[in-house]
Each structure stands twice: as C-alpha cells, then as structure tokens.
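The values are calculated or read from the model by the stated rules, or taken from the named source; none is laboratory data. Since we're looking at a predicted model, the values are computed, not measured. Positions of Cβ are generated from backbone atoms using ideal geometry, with glycine treated the same way; all protein chains shown enter the neighbour counts. Each accessible area value is taken on the protein alone, full model and side chains, heavy atoms only, with ligands, DNA and RNA left out. Shrake-Rupley method; radii C 1.70, N 1.55, O 1.52, S 1.80 Å.
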Amino acid sequence: MLFSKFFIPTLREAPAEAEAISHILMLRAGYVRQLAAGLYVYLPLAWRVMNRIQTIIREEMDSIGAQEISMPGLHPADIWQKTGRWFDIGDEMFRLKDRGGRDMCLGMTHEEIITWLASMEIRSYRQLPQMWYQIQTKFRDEARPKSGILRTREFIMKDSYSFDRDEEGLAVSYQKHAEAYHKIYERCGLKFYQVQSDPGMMGGAAAHEFMAPSPAGEDTIVLCKKCGYAANTELALSVPPSQKLKGSEKDWILEDIYTPEKRTVAEVSAFLKADPSYFIKSLLLIGRDGPFLALVRGDQELHEKKLAKIVGEFRAAQKDEVKSILGVGAGFIGPHNNTLRKIADILLKEGIYISGANKEGFHTKGIKPDVHFEAEWHDIHVAQAGDTCAKCSAEIALEKAIEIGNIFQLGTKYSQPLEAVYLDENGIEKPVIMGSYGIGPARIAAAAIEQNNDKDGIIWPQSIAPFDVEIIPLDMGDKEIGETAGMIYSNLSGEGWEALMDDRDERPGIKFKDADLIGIPYQIIIGKKGLKEGIVELKSRKTKQAERIAPSDVVKRAKELTGP
RNA sequence: CGGGGCGUAGCGCAGCCUGGUAGCGCACACGGUUCGGGACCGUGGAGUCGGAGGUUCAAAUCCUCUCGCCCCGACCA
C-alpha cells in the first residue's frame with residue numbers, strides 16, 4: 001500500500017477534547033474521527049486494525065466449535081418485554097416506533113434474539129450443545145460516553161451464546177470460551193486478567209470479566225499475587241487491617257460522651273483523639289421496605305453495589321428524614337438504641353467502637369457488636385490497597401483496568417420466559433441452559449494502545465498492527481532509493497507481508513514522525529548514505545534499535561524477527 | 001441526572017473583563033531555496049465568532065434562552 005494513496009490524516013496537535021492516551025493518539029495518527037458524543041468514524045488504518053482483531057476472534061471462536069451467524073440490530077419490543085428487560089432497562093436502550101406504531105429498539109445485546117432463534121429451532125437433546133456467535137453492532141445510549149472509542153454509544157461486539165442440556169454442559173461451554181478468550185488476548189498482545197465479576201442485569205450464576213490493566217480503565221480490580229484471587233471491586237472480598245489497639249480500649253465501658261458539633265468520623269476522631277478504626281460509620285438509607293442502617297468501620301467506605309446486592313435498590317436518607325426517623329441529626333446516629341434493620345460490614349464483628357449516641361451532641365463509646373446491637377453481617381466495604389486477601393491473607397493489590405470481555409453463565413434466565421426448550425432422552429421437556437460471552441474489538445484496540453505507546457506515538461503489537469512493516473524511502477527523487485524501496489516492497493509482499501510504503505514527497509523528518517505516530521512495528525529506512533554502503537536500516541518501533549542490513553536480506557531478516 | 005469547563009479558519013489558541021477594522025501559530029495552495037527526526041523566504045485562499053432572542057448608534061465582547069462537546073460523580077446486560 002502506498003502512503004500517498006492511503007488516507008492517513010495525521011495531526012500535529014491533538015484536538016482539545018481528547019484526554020485518554022488512546023483517544024489522543026488515534027486522532028493524531030489518523031485512525032478515527034468523532035461524529036458526535038460516543039460515535040466514531042473508523043478510518044482506513046483503524047479499520048485494518050479492527051479487521052485483524054476480528055480475524056483473530058473468528059479463528060479462536062471457530063476453533064472451539066462456535067458458528068458465526070448474523071442477527072438484526074433492530075428488534076421488536078415484544079421479545080424484550082417477554083424477558084422483562086424492556087421494563088428493567090431504562091434510558092440506556094434506544095427505543096423507537098416503526099411506521100405501524102409498533103415499539104422497537106436497537107439491540108444493546110442479543111440474548112433475547114438468539115434465544116428466540118433457539119426456541120424456534122431447538123427441539124431435541126440431539127441438537128445440543130450449540131454455540132453461535134456474531135460480530136455485530138450494538139447500541140447503548142450511554143449516560144456518559146467517554147475516552148474516545150473506549151465507551152461509545154454504538155460499537156462492534158463479538159457476542160456468542162451457548163446452549164446446553166444441563167449445568168455440566170454449560171460449565172464446558174463456559175470453560176471453552178474462557179480458554180478461547182485467553183488465546184485471543186494473548187494473540188492480540190495484551191496484558192490482561194480474568195477476574196470474578198458481578199452478573200448484574202444479565203442474571204445467572206457465575207460471571208467473569210477480562211480486564212486489561214490501564215490507568216484509563218473505568219474498573220478497579222483486586223488481585224492477590226499469592227493465591228491468584230482476582231475480582232472486580234464490585235464484589236471483591238478483602239480484609240482491612242485490624243484496629244490499632246493501644247491496650248486501654250478493651251476496658252472501655254459503655255458511656256455517652258459530649259461531642260458538640262462533631263459530626264463526621266474525622267471530626268469526632270480528632271476531637272476524641274481516637275483512630276478512625278474505632279468508629280462505626282452509620283448511614284441511614286431508604287430501601288424498598290423502608291429505612292435501614294448500613295454500618296461500616298470509620299476508616300472504611302461503603303460499597304453501594306455490594307449493599308444493593310443484599311438489600312436491593314436504596315437511596316440515602318435526606319436530612320429531615322434522619323430527624324424524623326431517628327429523632328436526631330445526621331452526625332449523631334449510631335447502631336444501638338434503635339430497632340431499625342442493620343446491615344453491618346463483617347469487619348465490625350470484632351472490636352470495640354465509638355458511634356453516634358442517637359442523642360443530639362453525643363457519641364457513645366464502648367459499643368460492642370452483638371452485645372449492644374445486632375445486625376446482618378456482610379462484606380460491604382470497598383476493598384483498598386493495604387487490605388489482605390480474604391482467601392489467603394496475603395496483601396492484595398488494586399489495579400485500574402479496561403473491561404475487554406466478559407463471560408456469563410445465564411442458566412435459564414432467557415430460555416424460560418422465551419420457552420427455549422428441548423426434549424431429553426426420556427421425552428421430558430427442559431429449558432435450554434445458556435451462557436453468553438462478549439468481546440469488544442474496539443476496546444482491544446484501545447487497550448493495546450493504552451498499554452503500548454511512547455511520547456512519539458503508538459507501538460502496535462505485531463498481530464493487530466494495521467501493517468506489518470513501513471518502508472520509508474527518504475528521497476523519492478533518488479532513483480536508486482526508489483528502486484530499492486520498490487524491490488523490498490514487492491519482496492515482502494510476495495512473502496505475505498503487508499507493507500505500507502511512504503512514497504510521499506516529504507522531508508525525512510515528517511516521514512519519521514508520522515511513522516512513529518502510526519506505530520507500525522517495523523520500519524525499513526532507505527537513505528542515500530546507507531545505500532552507498534550497501535545497506536538499509538531495519539528499525540524496531542518499540543526499541544528504536546536499527547539494524548543495518550543488505551536490501552536483499554530484508555525478507556530473510558524480517559522472517560527471523562517475526563512472521564507476517 | 002448533579003457538579004465543573006469549553007465552543008472564534010481544518011487543528012491549537014489569543015481577543016471578551018473595559019462594546020467600535022476578527023488576529024496568531026500550524027495545516028492548505030502557488031513560486032523559489034532546501035532535504036536523515038515535524039525546514040526557510042515570499043505570495044495567497046479560508047471564519048454565519050455554536051444557534052436564537054434582547055440591550056445598544058454599534059455585540060465575538062453585555063443580558064436571557066438554547067444546542068453541542070469535554071472532565072468529575074451517579075449510571076453502565
């Protein structure tokens with residue numbers, strides 16, 4: 001491919017709206033352009049990357065026996081109504097009506113549609129298991145699209161679905177997907193983790209996410225280097241450090257202490273000269289069944305998602321609600337002396353504490369859990385660096401990560417309402433057991449850039465680079481340079497290499513800058529000085545190391561370094 | 001949806017406070033000199049100042065409304 005004929009609109013300066021590294025580099029290097037919030041045009045370079053990623057995905061999906069299909073992006077509402085998601089999902093679903101006034105939506109995912117298909121076609125256990133996948137556009141009206149192509153309102157996704165007779169079959173399909181995903185990410189040159197995740201609105205039992213560590217990520221994951229425990233903080237268990245005992249605390253007796261105008265843990269902690277770990281933070285929340293208290297240790301944060309999994313939806317109480325329910329201001333509420341339902345962090349089961357006295361201007365010291373109040377005990381705190389692993393007690397690490405894929409065991413969540421059933425060997429009708437599995441190719445591309453770049457630009461992993469090699473003749477006016485470049489180009493092409501040749505009549509500096517920005521992993525630099533000595537340079541984008549080799553040796557050497 | 005910021009030439013920005021000729025750098029076109037890490041000189045083209053309404057003799061600038069984009073949070077199958 002000739003650079004002069006290929007559309008690569010590089011920019012010297014990045015548009016001001018870009019913040020994430022991958023976003024800035026994709027704009028500057030001429031990969032994408034933004035149409036509107038969360039909507040992007042993929043230019044030729046980016047589309048080549050996407051195609052390479054999709055090819056890898058197809059190969060690995062096919063190798064586990066999945067079959068590619070294609071489903072519509074526009075869906076009738078009634079199928080989504082049958083599973084209830086038409087009502088459960090809010091503004092994030094694009095909804096519209098067709099000319100006949102029928103409710104429709106743009107597909108955010110395809111569980112409903114594929115289950116409809118299965119319900120029409122699957123009759124017998126003899127037809128199972130099945131794995132079907134597609135690479136297709138999804139639409140989600142994101143509340144806040146961000147970070148370039150990392151979070152968009154329209155995006156391509158590989159989604160696959162498994163259909164099995166029973167849970168054992170599902171476990172096999174699930175495992176096959178997990179293995180295929182590992183291969184896909186490895187082949188794409190990504191650093192990644194498989195972590196436990198929250199099934200969320202997908203429903204079902206087990207779920208894992210594949211996470212590419214990056215500061216640009218929206219998720220935080222908890223990792224234990226010792227035992228391998230890995231989970232999204234949405235559900236990650238951890239054991240924070242215990243109270244720092246000075247010795248005298250165990251002699252505390254239950255007493256109220258006057259703490260005028262001291263409301264927050266920080267204020268009371270400073271006032272009483274006691275570490276925040278001696279406090280119980282009491283939060284009055286309003287759930288579906290009325291008000292309740294959530295209790296976490298003073299140095300901890302409540303994880304609202306963990307709590308929501310236990311009690312369902314809730315919201316914080318307003319100031320006047322606190323007054324009317326507990327008869328005291330928000331800074332002085334505590335777990336004892338009231339009959340409200342209490343959900344307490346498991347960490348509070350041990351120790352002795354100070355908390356609000358439920359009396360204006362007072363805190364109570366010497367509170368012992370299970371003695372002075374009772375509660376339902378759950379892990380509801382946010383895992384933090386410095387905590388230890390709930391499984392093996394080693395110190396855990398926290399990392400920001402980009403979600404690049406997920407796998408869910410759905411069970412019968414969709415097959416039941418949509419009546420996707422089969423007859424087993426005994427002629428008994430049973431619902432199909434399903435799994436669902438997603439990968440975002442654009443996120444793979446963005447994560448690859450986030451993980452592989454330097455001050456000059458992108459450094460693509462070879463497998464997903466838009467081209468394998470860029471040939472850079474420094475002076476197109478020089479006959480010998482032009483001929484050598486042409487020879488190398490056709491030799492490489494003949495061996496299956498995809499080469500981009502910068503045939504533009506530009507100064508060397510511009511060609512070097514653009515080449516580094518675009519990030520093709522190898523550059524072959526052909527200049528007058530080198531040719532006088534009979535050599536060209538083969539330069540690694542990543543290391544910036546250049547080898548001086550004879551033009552005729554380029555193919556041989558390139559093969560040694562890496563395959564096409 | 002809550003909080004904050006920004007919309008002036010393709011990109012990056014100044015001008016706005018204190019109303020009066022729309023400007024700079026890069027990019028682009030042409031000519032010349034250059035040519036191993038984003039060259040230099042000269043000439044030139046390009047802007048409904050996001051939009052609407054208002055105040056004023058006069059609005060990029062002041063006021064009101066509105067649209068869009070970005071960031072933080074909430075949300076996120």
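Below are the figures for this structure:
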{"read-out": "Any pair with Cβ under 8 angstrom, 6 or more apart, that starts in the stretch A:504-515 at a residue that is at negative phi and ends at one that is of a type in the set (Gly, Ala, Ser) and surrounded by fewer than 16 Cβ atoms within 10 Å (Cβ to Cβ)", "value": "A:ARG504/A:SER4; A:ASP505/A:GLY477"}
{"read-out": "Boolean, A:SER277 is outside the structural domain of A:GLN196 (by TED's automatic domain parsing), assigned to a loop (DSSP other than H, G, I, E, B) and over 30 Å from A:LEU150 (Cβ atoms)", "value": "no"}
{"read-out": "Residue check, A:ILE221 surrounded by 18 or more Cβ atoms within 10 Å (Cβ to Cβ) and either acidic (Asp, Glu) or in contact with a helix residue (DSSP H, G or I) (Cβ under 9 Å, 6 or more places away or on another chain) (or both)", "value": "no"}
{"read-out": "Single residue of A:LYS281, A:LYS365 found to be farther than 29 Å from A:GLU234 by Cα, surrounded by 18 or more Cβ atoms within 10 Å (Cβ to Cβ) and in contact with a strand residue (DSSP E or B) (Cβ under 6 Å, 6 or more places away or on another chain)", "value": "A:LYS365"}
{"read-out": "Residue among A:VAL328, A:VAL322 that alone is within 39 Å of the chain's Cα centre (by Cα) and modelled with pLDDT under 90", "value": "A:VAL322"}
{"read-out": "Condition met for A:GLU498 (farther than 17 Å from A:PHE3 by Cβ, more than 12 Å from RNA strand B (Cβ to nearest atom) and surrounded by fewer than 21 Cβ atoms within 10 Å (Cβ to Cβ))", "value": "no"}
{"read-out": "Candidate set from the stretch A:466-493 (those that are open to solvent by 50 Å² or more (accessible area, probe 1.4 Å) and acidic (Asp, Glu)); member that is nearest to A:LYS532 (Cα to Cα)", "value": "A:GLU480"}
{"read-out": "Qualifying residue in the stretch A:28-40 (condition: farther than 22 Å from A:ALA448 by Cα and modelled with pLDDT of 95 or more)", "value": "no"}
{"read-out": "Criterion: crowded, with 16+ Cβ neighbours inside 10 Å and under 26 Å from A:GLY65 (Cβ atoms) - qualifying residue of A:ARG187, A:ARG151", "value": "A:ARG187"}
{"read-out": "Test result for A:LEU25, closer than 15 Å to A:ILE458 by Cα, in contact with a Pro (Cβ under 7 Å, 6 or more places away or on another chain), part of a helix (DSSP H, G or I) and not small (Gly, Ala, Ser)", "value": "no"}
{"read-out": "Residue match in the stretch A:14-30 (condition: open to solvent by 10 Å² or more (accessible area, probe 1.4 Å), within 15 Å of RNA strand B (Cβ to nearest atom), under 16 Å from A:GLY519 (Cα atoms) and among the polar types (S, T, N, Q))", "value": "no"}
{"read-out": "Hits in the stretch A:154-171 - residues which are acidic (Asp, Glu), over 25 Å from A:PRO15 (Cβ atoms) and open to solvent by 40 Å² or more (accessible area, probe 1.4 Å)", "value": "A:ASP166, A:GLU167, A:GLU168"}
{"read-out": "Residue list for the stretch A:76-110, filter: under 24 Å from A:VAL421 (Cα atoms), open to solvent by 50 Å² or more (accessible area, probe 1.4 Å) and either in contact with a Ser or Thr (Cβ under 6 Å, 6 or more places away or on another chain) or of a type in the set (Lys, Arg) (or both)", "value": "A:LYS82"}
{"read-out": "Helices (runs of 4 or more DSSP H) within the stretch A:43-125 that include 3 or more residues closer than 21 Å to A:ARG153 by Cβ", "value": "A:44-63, A:85-88, A:111-121"}
{"read-out": "Residue identified as within 16 Å of RNA strand B (Cβ to nearest atom) and without any contact (Cβ under 8 Å) to a residue 24 or more places away in the chain among A:ALA308, A:ALA294, A:ALA316", "value": "A:ALA308"}
{"read-out": "Among residues of the stretch A:144-170, those that are more than 16 Å from RNA strand B (Cβ to nearest atom) and either without any contact (Cβ under 8 Å) to a residue 12 or more places away in the chain or not assigned by TED's automatic domain parsing to the domain that holds A:GLN130 (or both), counted", "value": "1"}
{"read-out": "Selection count where residues are among the hydroxyl-bearing types (Ser, Thr, Tyr) and open to solvent by 70 Å² or more (accessible area, probe 1.4 Å), scope the stretch A:524-549", "value": "1"}
{"read-out": "Every residue from the stretch A:452-465 that is open to solvent by less than 10 Å² (accessible area, probe 1.4 Å) and within 13 Å of RNA strand B (Cβ to nearest atom)", "value": "A:GLY457, A:ILE458"}
{"read-out": "Those residues of the stretch A:286-315 which are surrounded by fewer than 19 Cβ atoms within 10 Å (Cβ to Cβ) and part of a strand (DSSP E or B), in sequence order", "value": "A:ILE286, A:GLY287, A:GLY290, A:PRO291, A:LEU302, A:ARG315"}
{"read-out": "Answer from A:GLN243, A:GLN175 - the residue that is in contact with a helix residue (DSSP H, G or I) (Cβ under 6 Å, 6 or more places away or on another chain), more than 28 Å from A:HIS23 (Cα to Cα) and surrounded by fewer than 22 Cβ atoms within 10 Å (Cβ to Cβ)", "value": "A:GLN243"}
{"read-out": "Any hit, the stretch A:111-132, residues being open to solvent by less than 20 Å² (accessible area, probe 1.4 Å), over 17 Å from A:SER160 (Cα atoms) and within 16 Å of RNA strand B (Cβ to nearest atom)", "value": "no"}
{"read-out": "Cβ-Cβ under 9 Å pairs, at least 6 apart or on other chains, the stretch A:84-97 side assigned by TED's automatic domain parsing to the domain that holds A:GLN416 and of a type in the set (A, V, I, L, M), far side part of a loop (DSSP other than H, G, I, E, B) and near RNA strand B (Cβ under 10 Å from one of its atoms)", "value": "A:ILE89/A:MET108; A:MET93/A:MET108; A:MET93/A:ARG140; A:MET93/A:ASP141"}
{"read-out": "Criterion violated by A:ALA383 - all others in (1) outside any helix (DSSP H, G or I); (2) among the aliphatic types (A, V, I, L, M); (3) assigned by TED's automatic domain parsing to the domain that holds A:SER173 satisfied", "value": "(3)"}
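Conditions tested, residue by residue: (1) touching a strand residue (DSSP E or B) at 6+ places or on another chain (Cβ under 8 Å); (2) within 16 Å of RNA strand B (Cβ to nearest atom); (3) on the phi > 0 side of the Ramachandran plot.
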site: A:LYS183; (1), (2), (3): no, no, no
site: A:GLY189; (1), (2), (3): no, no, yes
site: A:ALA205; (1), (2), (3): yes, yes, no
site: A:PRO215; (1), (2), (3): yes, yes, no
site: A:LYS225; (1), (2), (3): yes, no, no
